[in-house]
Amino acid sequence: MLSSHQPTQTCRVALVIQYLGTHFHGWQRQPQQRTVQEEIETALSHILGHPVTLYGAGRTDAGVHAAAQVAHFNVTSPIPAYKWATILNSYLPKDILIRASAQVNHNWHARFSAIYRRYRYTFYTEKLPNLFASAFSWHYYHEPLDESLIQAALEPLIGKHHLAAFRRANSARQHSWVEVQAAECYRTGPFLYIEIQADGFLYGMVRLLVGMLVQVGCRQLTLTSFTDVWKDQRRQEVKYAAPAHGLCLLRVGYPDFPFPPEIWFETQPKLIFGQ
């Protein structure tokens with residue numbers, strides 16, 4: 001705990017955070033549940049000797065990972081902003097890592113200053129299971145997935161759309177408009193990836209979307225039928241959500257970000273099998 005006799009300076013500190021979502025009930029603090037926000041706030045409170053509120057760029061569901069989540073907190077402390085990453089890591093559990101910390105302007109906000117969030121969903125498609133892939137991918141081998149069909153289904157989603165069909169119940173958001181900025185499906189060996197970038201995401205949106213894209217990729221659903229479902233907002237026809245452990249918050253983008261790209265831009269490793 002910090003001494004109250006030390007000189008103080010108020011500043012806003014931004015964090016780039018990685019976490020393995022396996023044993024978390026999501027990002028947001030919830031009663032009687034282990035969450036990422038609570039773990040970091042508890043560490044900050046222990047260090048500073050008083051409660052601290054952490055503001056995240058977005059909420060991830062239970063079991064979802066993050067390669068570069070972003071958050072900020074306000075602090076009156078003699079500790080330089082860049083040192084908070086090292087200090088926090090000594091208090092945090094092994095499934096959370098602060099990659100870097102930096103001071104930002106007081107009008108900068110982890111959530112409201114963000115211009116995009118990008119998620120990556122990973123499939124492992126070989127029939128034989130692999131322990132080293134299982135924590136971060138959906139082992140989908142029952143039917144072949146055609147990445148070209150999935151890519152074709154994604155393309156009409158680019159732009160601003162009302163995506164209520166991919167919104168879970170109990171969402172606090174007032175509307176279902178989402179501006180999808182990029183969407184792609186590609187394959188590397190036995191791994192198939194879907195990446196979605198948007199200004200924001202609805203509650204449960206990516207997992208519901210991926211669940212339906214699987215139906216397209218294995219030819220259970222036509223491209224026209226898929227597009228009609230979300231354009232007509234037929235939420236009752238979106239029945240399956242992809243498993244959480246295949247999903248990762250890849251990065252959050254800002255027009256003014258104090259971290260170099262190697263800290264946050266592409267920090268989820270991809271498995272490559274040797275010959």
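Once phi is turned into ³J(HN,Hα) by the Karplus curve 6.51 cos²θ - 1.76 cosθ + 1.60 with θ = phi - 60°, what whole-Hz value does each residue of segment 134-146 show in order, with x for glycine and proline?
Computed from phi, the couplings for segment 134-146 are 5, 6, 10, 8, 8, 6, 10, 10, 5, 9, x, 9, 8 Hz.
If Lys and Arg each add +1 and Asp and Glu each add -1, what is the summed charge of the other residues whose beta carbon sits under 13 Å from the beta carbon of Pro144? Before the final figure, lay out each step's value.
Numbers: positive: Lys127, Arg187, Arg219; negative: Glu126, Glu143, Asp146, Glu147.
Here the charged neighbours net out to -1.
What 222 nm value per residue comes from the helices of the chain, counting each DSSP H run with n ≥ 4 as -39,500 (n - 2.57) and dividing by all residues, nearest 500 deg cm²/dmol?
Numbers: 7 runs with 57 residues, N = 275.
So the calculated ellipticity at 222 nm is -5500 deg cm²/dmol.
Once phi is turned into θ = phi - 60°, what whole-Hz ³J(HN,Hα) does the Karplus curve with 6.51, -1.76 and 1.60 give for every residue of segment 220-231, x standing for Gly and Pro?
Using θ = phi - 60°, the values come out as 7, 9, 6, 4, 5, 5, 4, 5, 5, 4, 7, 5 Hz.
Once the Cα atoms of helix 205-217 and of the chain are each reduced to a long axis, what angle between those two axes, in degrees from 0 to 90 to the nearest 10, is obtained?
30
Can you give me the angle between helix 36-48 and the longest principal axis of the chain, using Cα atoms only, in degrees from 0 to 90, rounded to the nearest 10?
Helix 36-48 sits roughly 10 degrees off the main axis of the chain.
If a/c stays under 1.5 just call it rounded; otherwise compare a/b with b/c (prolate if a/b is bigger, oblate if not). Do that for the chain, with a ≥ b ≥ c from the square roots of the Cα gyration tensor eigenvalues. Intermediate results must be reported in sequence, preceding the final value.
Working: a/c = 2.24, a/b = 1.76, b/c = 1.27.
It comes out prolate by the Cα gyration axes.
Positive end of the dipole of the chain, charges at C-beta (+1 Lys, Arg; -1 Asp, Glu), about the Cα centre: which of Thr53, Ile96, His65 has its Cα farthest in that direction?
After comparing all options, I get Thr53.
If I build a Gaussian network model for the chain, linking alpha-carbon pairs within less than 10 angstrom, which residue out of Gln174, Gln103, Gln37 has the largest mean-square fluctuation?
In this elastic network of the chain, the residue with the biggest mean-square fluctuation among Gln174, Gln103, Gln37 is Gln174.
In the P(r) worked out for segment 51-199, what percent of Cα pairs fall beyond 26 Å?
Numbers: 4800 of 11026 pairs.
So the pairs more than 26 Å apart make up 44 percent of the total in segment 51-199.
Quick one: accessible surface of Arg99, probe radius 1.4 Å, all protein chains present, in square angstrom to the nearest 10.
Estimated to the nearest 10 Å², Arg99 gives 90 Å².
Once both labels are modelled 7 Å past Cα along the beta-carbon direction, what's the Glu179-His106 spacing in nm?
Using points 7 Å along Cα→Cβ, the separation is 2.9 nm.
Taking the Cα centre of the chain as the origin and placing charges on Cβ (Lys, Arg +1; Asp, Glu -1), which of Val252, Thr125, Gly204 is farthest toward the positive end of the dipole?
Gly204
Of Tyr82, Tyr193, Tyr141, which has the most accessible area and how do the rest follow, probe 1.4 Å?
Working: Tyr82 150, Tyr193 5, Tyr141 95 Å².
Result of the area sort, largest leading: Tyr82, Tyr141, Tyr193.
Rounded to the nearest 20 Debye, what is the dipole magnitude of segment 1-152 about its Cα centre when Lys and Arg each give +1 and Asp and Glu each give -1 at the C-beta?
Values: 12 positive and 9 negative charges, 95 e Å.
Once rounded to the nearest 20, the dipole reads 460 debye.
Under 10 Å, Cα contacts only: if you run a Gaussian network model on the chain, which one of Gly26, Gly159, Gly63 comes out with the highest mean-square fluctuation?
Largest GNM mean-square fluctuation: Gly159.
Compute the signed sum of charges (Lys and Arg +1, Asp and Glu -1) over the other residues within less than 13 Å, Cβ to Cβ, of Ile96.
Working: positive: Arg34, Lys94, Arg99; negative: Glu38, Glu39, Glu41, Asp95.
Residues near Ile96 contribute -1 overall.
Once a ≥ b ≥ c are taken as the square roots of the eigenvalues of the Cα gyration tensor of segment 176-275, is the result rounded (a/c under 1.5), prolate (a/b larger than b/c) or oblate (a/b not larger than b/c)? Walk me through the numbers on the way to the answer.
Values: a/c = 2.43, a/b = 1.31, b/c = 1.85.
Cα axes put segment 176-275 in the oblate bin.
Given the protein chains as shown and a 1.4 Å probe, how many square angstrom of Tyr91 are accessible, to the nearest 10?
100
Label segment 120-216 by shape, choosing from rounded, prolate and oblate, from the square roots a ≥ b ≥ c of the eigenvalues of the Cα gyration tensor; if a/c is under 1.5 it is rounded, and otherwise prolate applies when a/b is larger than b/c, oblate when it is not. Provide the component values of the computation, followed by the final result.
Details: a/c = 2.40, a/b = 1.74, b/c = 1.38.
In terms of gyration-tensor shape, prolate.
So what J values fall out for segment 64-72 if you push phi through Karplus, 6.51 cos²θ - 1.76 cosθ + 1.60 with θ = phi - 60°, rounded to Hz, Gly and Pro as x?
7, 8, 9, 8, 7, 5, 10, 8, 9
Which net charge results for the neighbourhood of Tyr193, defined as the other residues with beta-carbon distances under 10 angstrom from its beta-carbon, given Lys and Arg at +1 and Asp and Glu at -1? Mind showing how you got there, number by number?
Details: positive: Arg120, Arg187, Lys270; negative: Glu147, Glu184, Glu195.
Net local charge, Tyr193 excluded: 0.
The values are calculated or read from the model by the stated rules, or taken from the named source; none is laboratory data. Owing to the predicted nature of the structure, the values given are computational and were not obtained by experimental measurement. No Cβ is skipped: glycine too gets one built from the backbone with ideal geometry, and neighbour counts run over all protein chains shown. SASA here: full protein model, heavy atoms, side chains in, ligands and nucleic acids out. Shrake-Rupley method; radii C 1.70, N 1.55, O 1.52, S 1.80 Å.
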